[in-house]
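Some notes on the structure that comes next.
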Amino acid sequence: MIKLLTIVGARPQFIKAAALSRVIREEFSHAVNEVILHTGQHYDASMSEIFFQEMGIPKPAYNLDIGSDSHGVQTGRMIQGIEEVILKEQPHGVIVYGDTNSTLAGALAASKLHFPVIHIEAGLRSFNKQMPEEINRIACDHVSTLLFSPTATGVENLAREGIVHSSAGTHTFDQQGVYHCGDLMYDNTLFFEKLSAAKSTLRRDLGLSSKDYLLATIHRPSNTDVEENLRQILEALYAIATEKQIPVILPLHPRTARIINEMEPGRIPPVTDPSGPVRLIPAVSFLDMISLEAGASVILTDSGGVQKEAWFMKKPVVVLRQETEWVEIIEAGNGRLVGSDRELILEATRHFLESPPVSFPPIFGGGHAAREILNVLTTVRWE
C-alpha cells in the first residue's frame, strides 16, 4: 500500500481533491492510504469548511491555519508546516493541485526533501508571468516526478519546456512521467450535478428561472486591486443587466466584497442596491454554484475553474482576463477574452445572448480522470 500526502488550501483544490478521495475510498482503499493536509489558505468558513462537509472530503489530518498574508510570508509559513508533516508522515509521494501558493509550497517542501511530487493539473500556461499562478505552476511542474495534464495542450506545453514522458523503467525527479488524464473537475461536475439539482434551493430562493439571468464571479487581484478595472467590470454588468432586462447574479468572494464596500459609491454603479439589476450575494457552496451555472444563460468570470465549469454545463463564458490557461474554450468559439474593458464585456455578452454556442467537444476527457490517475499511481514505478 502506498501513502499519499494530499495538500490543499483553496476552493478549486477542495473540488479536485474530492474527486480523487472519492475514488480512493470506493475503488483503491486496498492500495492507497491518503493523508490530507489543509494549509488554511482559504480560511473563511464559506470558502473552506463547507466544501469539505458538502463534498464528502475526509477531514484533514493536518490544518496549518495559515490564513491570508503576502505571498512571501504565506508561502514561507506553508513550506515550514508542510516540511514538518512530510518528515513525520514519510509518504511515498506528495500530491499538489493546480497553481496556488499551497501548490508551490507543497512542491518546494517535498522536492527539497527528495519526496516525489505528483502534480495534478500540470502543463497549464497563461503565458503571463505577472500572474502569481503562472509562476507557481511553472515552478511546480519543473520539480515534479509525475505530472498529470487535463488536456493535450498541457502535454504540449510541458514538452516545449523540456518536460517529456520518460521511457525509463522508473520515474524520478530527472526522469519524469507525463500523463494526459482528463479533468478532475469534470468528474465532479458529472457526479454532483444530480445532487445539486436535488439539494440546492438557491435558485428558487432567489426567484430565478432557468436562463433568465447572467452569472458572474470576480476575484483575481488584477481585477479587484485595480479600482479602474473593477469599476469597468461592474459598469458593464450593470449596463448589460439594464439593457437586456436580465439580472446578473454575483456571488462575492469575501475579499471582493470587502473591496466593493470600501469603494466610493459615486465611483461605481449602484450594484449594492438590493433591488437593482445586479444582485450581490455571499460566496456560495459548490452545489449551489453548480445550480447557478446550470441555470445561467451566460457566465462571466476571471476564474479558471469557473471557465471549465461553464464548458461542462454547456454555457458560453466571457473571460474577464487578457489570457487563459484554457485556450481550447476560446479556440472553440465558446468563450471570449475581454479583460476588464467595459465595451468588450458588453459586446461579448450581447453576442452570446443572441448566438449561444451549440457544440462542446469532449476536450476535458470522459469524466474518469481520478480513476486514470490512480491506475497510474498504483501500477507504474516511481520514486
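The values are calculated or read from the model by the stated rules, or taken from the named source; none is laboratory data. The shown structure was predicted, so the numbers you read here are calculated from the model rather than taken from an experiment. Neighbour counts run over all protein chains shown; Cβ positions are idealised from the backbone, glycine included.
Taking the range 228-263 as the search range and keeping residues that are part of a loop (DSSP other than H, G, I, E, B) and not β-branched (Val, Ile, Thr), which one is modelled with the lowest pLDDT?
This residue is His253.
Return yes or no: is Lys211 within 23 Å of Val317 (Cβ to Cβ), under 23 Å from the mean Cα position of the chain (by Cα), modelled with pLDDT under 90 and of a type outside the set (Phe, Trp, Tyr)?
Details: within 23 Å of Val317 (Cβ to Cβ): yes; under 23 Å from the mean Cα position of the chain (by Cα): no; modelled with pLDDT under 90: yes; of a type outside the set (Phe, Trp, Tyr): yes.
Taking the combined requirement at face value, the residue does not satisfy it.
Mind listing whichever residues of the range 350-366 are assigned to a helix (DSSP H, G or I) and under 19 Å from the mean Cα position of the chain (by Cα)? If you could, list the steps in order and put the result at the bottom.
So the first thing to find is which residues in the range 350-366 are assigned to a helix (DSSP H, G or I), and the list is 350-354.
None - no residue of the range 350-366 is assigned to a helix (DSSP H, G or I) and under 19 Å from the mean Cα position of the chain (by Cα), so the list stays empty.
Quick check, is Ala332 crowded, with 21+ Cβ neighbours inside 10 Å and aliphatic (A, V, I, L, M)?
On the way: crowded, with 21+ Cβ neighbours inside 10 Å: no; aliphatic (A, V, I, L, M): yes.
Taking the combined requirement at face value, the residue does not satisfy it.
Looking at the range 283-337, which of its residues are in contact (Cβ under 8 Å) with a residue 40 or more places away in the chain, assigned to a helix (DSSP H, G or I) and not hydrophobic (A, V, I, L, M, F, W, C)?
Correct list: Asp288, Ser291, Glu293, Gly295, Gly304, Gly305, Lys308, Glu309, Glu328.
Out of the residues in the range 95-143 that are among the β-branched types (Val, Ile, Thr) and assigned to a helix (DSSP H, G or I), state the one that is farthest from Thr378 (Cα to Cα).
So, considering only residues that are among the β-branched types (Val, Ile, Thr) and assigned to a helix (DSSP H, G or I), the one farthest from Thr378 (Cα to Cα) is Ile135.
List the number of the failed condition for Ile135; all other conditions in (1) closer than 21 Å to Thr324 by Cα; (2) modelled with pLDDT of 95 or more; (3) of a type in the set (Val, Ile, Thr); (4) surrounded by 18 or more Cβ atoms within 10 Å (Cβ to Cβ) hold.
Going through (1) closer than 21 Å to Thr324 by Cα; (2) modelled with pLDDT of 95 or more; (3) of a type in the set (Val, Ile, Thr); (4) surrounded by 18 or more Cβ atoms within 10 Å (Cβ to Cβ) one by one, Ile135 breaks only (4).
Are there any pairs, at least 6 apart or on different chains, whose C-beta atoms fall under 7 Å, with the first in the range 247-274 and in contact (Cβ under 8 Å) with a residue 24 or more places away in the chain and the second surrounded by 11 or more Cβ atoms within 10 Å (Cβ to Cβ) and basic (Lys, Arg), and if so, which?
What qualifies is Pro247/Arg279; Val248/Arg279; Ile249/Arg279; Leu250/Arg279; Arg267/Arg231; Ile268/Arg231.
Identify the residue in the range 367-383 that is within 23 Å of the chain's Cα centre (by Cα) and part of a loop (DSSP other than H, G, I, E, B) and, among all such residues, is nearest to Met185 (Cα to Cα).
Gly367
Scanning for something within 16 Å of Pro91 (Cβ to Cβ), in a helix (DSSP H, G or I) and either free of Cβ contacts under 8 Å to residues at least 24 places away in the same chain or not assigned by TED's automatic domain parsing to the domain that holds Met289 (or both), does the range 33-42 turn up at least one residue?
Checked the range 33-42: no residue is within 16 Å of Pro91 (Cβ to Cβ), in a helix (DSSP H, G or I) and either free of Cβ contacts under 8 Å to residues at least 24 places away in the same chain or not assigned by TED's automatic domain parsing to the domain that holds Met289 (or both).
Can you name the number of the only condition in (1) farther than 30 Å from Val94 by Cβ; (2) touching a His at 6+ places or on another chain (Cβ under 6 Å) that Val338 fails?
(2)
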